[in-house]
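So the structure is just underneath, and the comments pick up after that.
Derivation of every value follows stated rules applied to the coordinates shown; laboratory data play no part. None of the values given here were measured: they were computed from a predicted structure. Cβ placement follows ideal geometry from the backbone for every residue including glycine, while neighbour counts extend to all protein chains displayed.
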Amino acid sequence: MVRCIFCISLCLLFNLAFGQNDTTRKKEDLSELYFRRGLVKATATISPGKMLQNKANSMYLSGFLEYALSNKYSLRGDVFQFVDATYSDASQLEPLFMNRLYFGAFRHFGKKNLKFYLGAQHGMTFMQYYHSYNQGNKFSVAPSFSLKAGTTFYVWKYFNFFADVTYVNSATRGLMFGSQKMDELIFSAGLGFHLNTIKKVHFIGTPSF
């Protein structure tokens, strides 16, 4: 009889211990899901680019600010500040100053802290450029849009690593022979920063009324 009671008590203690471990593990897993509603992300990095029509390799200082509406959707603004470019003999335009500004919506995929995303953004391109046919420096302002695809791995509650590629569609206007397309592929990668602005609430048991 004593042995039976001892075995039952041991089983109950064993079940209780593992049950608590499972509950703790579930809570830890939930707390480690960083991408959720209220997450704010931001970063700044150096981004190389490839001008498709102008036959040039460019370099930008880029940054973004993003807010998660849910665990699937977010709003994001990007800025690309032109730094320099390496031109070829086939290059027609040489930007002296260029700033690309974009804002749009993103869709996020993936499980836990590894996320893939796709987004579309509208914006503007401001550019001062040199063109020999127009005899000197000119300034252009034109509407633009971008398509972006990338991935983010959230390693901690404040940091993440990301990599993405952006296709930029834009044109330079006001040339003597018409508009000149300035489409570009821009690559970005590095360390990102994020902060959860909405604290997660955990309910224990069934609320009573």
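Of the cross-linked pairs LYS72/LYS112; LYS50/LYS138; LYS50/LYS72, those separated by over 20 Å at the C-alpha level are LYS50/LYS138; LYS50/LYS72.
If you average the alpha carbon positions of the range 108-170 and of the range 33-73, how far apart do those two centres end up, in angstrom? Centre-to-centre distance over Cα atoms comes out at 6 Å. Positive contributions from Lys and Arg (+1) and negative ones from Asp and Glu (-1), summed over other residues with Cβ under 15 Å from the Cβ of GLU184, come out at 0. Close amide H contacts of GLN53 (hydrogens built in the peptide plane, cut-off under 5 Å, sequence separation of 5 or more or a different chain): ASP183.
Once the Cβ-Cβ distance between VAL40 and LEU96 is put in as r, and R0 is 41 Å, what FRET efficiency do you end up with, to the nearest 0.05? Plugging the Cβ-Cβ distance into 1/(1 + (r/R0)^6) gives 0.75.
A Stokes-Einstein calculation at 4 °C with viscosity 1.567 mPa s, built on the Kirkwood radius of the range 39-196 over Cα pairs, returns a diffusion coefficient of 79 µm²/s. Calculated FRET efficiency, PHE126 to SER88, Cβ-Cβ distance, R0 = 30 Å: about 0.80 to the nearest 0.05. Value of Rg to Rh for the range 51-115, rounded to two decimals, is 1.15; Kirkwood radius and Rg both from alpha-carbon coordinates.
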